[in-house]
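Data first, discussion second: the structure below is written as structure tokens.
Please treat every number below as a calculation from the coordinates, not as lab data. Small disclaimer: the values here were computed from a predicted structure and weren't measured. Cβ: placed from backbone, ideal geometry, glycine included. Neighbour counts: every protein chain shown.
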Ligand code: G3P
């Protein structure tokens with residue numbers, strides 16, 4: 001269970017944290033910290049893990065209850081559907097990830113309506129692409145903010161545009177801010193009202209850091225030692 005469940009904010013309205021990795025050790029650590037609502041993987045992350053997609057995805061699904069995105073690699077509709085069937089059999093929480101192409105959108109609609117599975121439409125770089133994904137019934141849209149920043153444009157501006165469009169029409173597709181590179185991306189996504197961020201493990205863990213927290217804690221501990229007391 002995520003920490004968001006423990007407070008007064010219902011989970012449905014709280015920002016979700018997904019980790020963007022296929023590293024089992026990292027996933028387990030973040031899960032044990034209570035920080036994880038889901039996981040996203042992609043072919044590059046599977047390569048980095050050194051494992052086989054079915055085995056790695058199964059291991060992740062055994063740890064995390066929430067959506068675990070596993071990506072098809074076919075580019076043609078029928079082959080995408082065949083791969084989606086294979087990935088869906090791994091676990092009930094596998095969310096099928098498809099690319100933002102015409103075949104990918106067709107697969108999205110079919111997976112949602114016929115297989116009744118979650119779909120994450122990935123490689124989104126424009127508001128119109130996000131509009132198409134929502135119309136195809138995507139559960140998640142993944143705009144890649146870091147890669148947009150790399151080109152000199154502002155990735156967070158896209159998150160803002162998609163938020164406005166989805167709110168205009170009450171689309172239920174969740175905005176999954178992807179290609180997150182910095183803690184500032186996470187803060188900006190939260191300020192805009194993105195539903196989810198997926199970030200590398202190091203970025204998620206870095207959210208806790210502040211030098212004044214470290215300094216303050218050191219001072220409290222030093223003063224406490226001088227009291228000679230113990231609690232309990
Ligand atoms: O999962 C897709 C996305 O998060 C990739 O990020 O850093 O490779 O642009 P990056």
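The long axis of helix 183-192 is offset from the longest Cα principal axis of the chain by roughly 70 degrees.
Using alpha-carbon pairs under 8 Å, 6+ residues apart, how would you state the relative contact order of the stretch 3-227 in percent? Relative contact order for the stretch 3-227 comes out at 17 percent. Paramagnetic label reach from residue 165 (point 7 Å along Cα→Cβ; backbone nitrogen cut-off under 20 Å): within the stretch 94-128, residues 97-110, 112, 119-128. Distance from the Cα centroid of the stretch 69-105 to that of the stretch 18-64 is 18 Å (rounded to whole angstrom).
I'd like the FRET efficiency for residue 217 and residue 14, computed as 1/(1 + (r/R0)^6) with the beta carbon distance as r and R0 of 25 Å, rounded to 0.05.
Values: r = 27 Å, r/R0 = 1.07.
Between residue 217 and residue 14 the formula returns 0.40.
Relative contact order for the stretch 90-210: 19 percent, from Cα pairs under 8 Å spaced at least 6 residues apart, divided by residue count.
Per residue, the chain reaches -14000 deg cm²/dmol at 222 nm when only DSSP H runs of four or more residues are counted, each adding -39500 (n - 2.57). Take residue 135, project a point 7 Å from its Cα along the Cβ direction, then tell me which residues of the stretch 158-172 have their backbone nitrogen under 19 Å from it. Label zone hits: 161-172. Helix 53-63 against the longest principal axis of the chain: what's the angle in degrees, Cα atoms only, rounded to the nearest 10? With rounding to tens, the tilt is 40 degrees. Projecting label points 7 angstrom from Cα along Cα→Cβ for residue 126 and residue 209 puts them 3.7 nm apart.
Principal axis analysis of the Cα atoms in the chain yields extents of 71, 38, 35 Å, listed in decreasing size. Of the residues 61, 95, the one with the fewest other Cβ atoms within 10 Å heads the list, and the complete ranking is 61, 95.
Using a 10 angstrom cutoff on alpha carbons, build the Gaussian network for the chain and name the most mobile of 86, 119, 208. Judging by the Gaussian network model, the answer is 208.
Taking the beta-carbon count within 10 Å as an exposure proxy, list 94, 19, 183 from fewest neighbours to most. All intermediate terms of the calculation are to be shown ahead of the outcome.
On the way: 94 22, 19 28, 183 16.
Arranged by neighbour count, lowest to highest, 94, 19, 183 become 183, 94, 19.
By other beta-carbon atoms within 10 Å, ranking 101, 75 with the fewest at the front produces 75, 101.
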